[in-house]
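So the structure is just underneath, and the comments pick up after that.
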Amino acid sequence: MQNIADNLGKIHLQIRAAEANAHRAAGSVTLLAVSKTQPASALREAYAAGQTAFGENYLQEALEKIESLSDLKILWHFIGPLQSNKTRKVAENFAWVHSVDRLKLAERLSEQRPGHLPPLQICLQVNISQEQSKSGCAPESVIELARAIQPLPNITLRGLMAIPQATNNPQEQQQAFHALAELLKSLQNEFPEMDTLSMGMSGDMEMAIAEGATIVRIGTAIFGARQPR
């Protein structure tokens, strides 16, 4: 049986070591616990161990957990593909959305964000490896998308997210992370408020941090093998 608290402790040590190896400030990388398919009890256990930010991919499953765990001060991140007909529930229940890849989604999230909540923090998902089967804005289109989204009320454009193509070649993996980091740097000339790189998972976290990740999305290393839906 997985000891979630021990796993979190090990991951935080790995993050701190990766920050030091990359000559980055301690605490510059945030751990996002990817909790899709995990029961609410596992999230509660992680929260008791100090984890407060959780990432969910499937809206209906997430809404059930949000209700079940409403007594906890959890910061909910939506990290899965987002359809236009589901934006309202995301706008009403999440603090962050990592998977905005077109203007229509951003417009709906802005319109549907309740006025009593702070602005929704969003990342633009980039198809950095340009895979036909994967969601995300093409790298060459990101600047135009950012220009269109930035003026919208009720949302704050924070940065970029990507899931590079799976590969056993470390050099290819490193190149994908580097490309996303360079893309953010180019955007910061016009959008200095963009400060977030959401990239890196359980198997490539150290490499992502070396290339500038500010949020790493870790699931298996915290909770163990993913449960079937």
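The values are calculated or read from the model by the stated rules, or taken from the named source; none is laboratory data. Everything quoted here is computed from the prediction, not taken from an experiment. Every residue, glycine among them, receives a Cβ derived from its backbone with ideal geometry; neighbour counts consider all protein chains shown.
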Practice task
Answer with yes or no whether residue 180 is surrounded by 19 or more Cβ atoms within 10 Å (Cβ to Cβ), of a type in the set (A, V, I, L, M) and more than 17 Å from the chain's Cα centre (by Cα).
Solution key: no
Exercise for the section: Starting from region 155-172, take each residue that is β-branched (Val, Ile, Thr) and list its partners that are part of a loop (DSSP other than H, G, I, E, B) and modelled with pLDDT of 95 or more, counting only C-beta distances under 7 angstrom and pairs at least six apart or across chains. Expected result: 155/113; 155/119; 156/119
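So that you can scan it fast, the table gives a plain yes or no per residue for (1) in contact with a Cys (Cβ under 9 Å, 6 or more places away or on another chain); (2) in a helix (DSSP H, G or I):
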{"site": "72", "(1), (2)": "no, no"}
{"site": "108", "(1), (2)": "no, yes"}
{"site": "115", "(1), (2)": "no, no"}
{"site": "145", "(1), (2)": "yes, yes"}
{"site": "148", "(1), (2)": "no, yes"}
Practice task
May I ask you to list pairs of residues, at least six apart or on different chains, whose Cβ atoms are under 7 Å apart, with the first in region 1-21 being within 17 Å of residue 204 (Cβ to Cβ) and the second being of a type in the set (Ser, Thr, Tyr) and at pLDDT 95 or above?
Solution key: 19/28
Practice task
Being on the phi < 0 side of the Ramachandran plot, surrounded by fewer than 20 Cβ atoms within 10 Å (Cβ to Cβ) and under 20 Å from the mean Cα position of the chain (by Cα) is the filter here, so list the residues in region 142-177 that pass it.
Solution key: 143, 145, 146, 150, 156, 165, 166, 174, 175
Practice task
Among the residues of region 1-36, count how many are among the polar types (S, T, N, Q), in a loop (DSSP other than H, G, I, E, B) and either closer than 12 Å to residue 210 by Cα or modelled with pLDDT of 95 or more (or both).
Solution key: 2
Exercise for the section: State the number of residues belonging to region 22-36 that are without any contact (Cβ under 8 Å) to a residue 60 or more places away in the chain and in contact with a Lys or Arg (Cβ under 7 Å, 6 or more places away or on another chain). Expected result: 1
Completion exercise
With criteria (1) surrounded by 14 or more Cβ atoms within 10 Å (Cβ to Cβ); (2) out of contact with any Gly (no Cβ under 7 Å at 6 or more places or on another chain); (3) among the polar types (S, T, N, Q); (4) closer than 22 Å to residue 163 by Cα, residue 83 comes up short on (1)
Handout entry: Matching residues in region 183-203 - criterion: being assigned to a loop (DSSP other than H, G, I, E, B), without any contact (Cβ under 8 Å) to a residue 40 or more places away in the chain and crowded, with 18+ Cβ neighbours inside 10 Å
Key = 199, 200
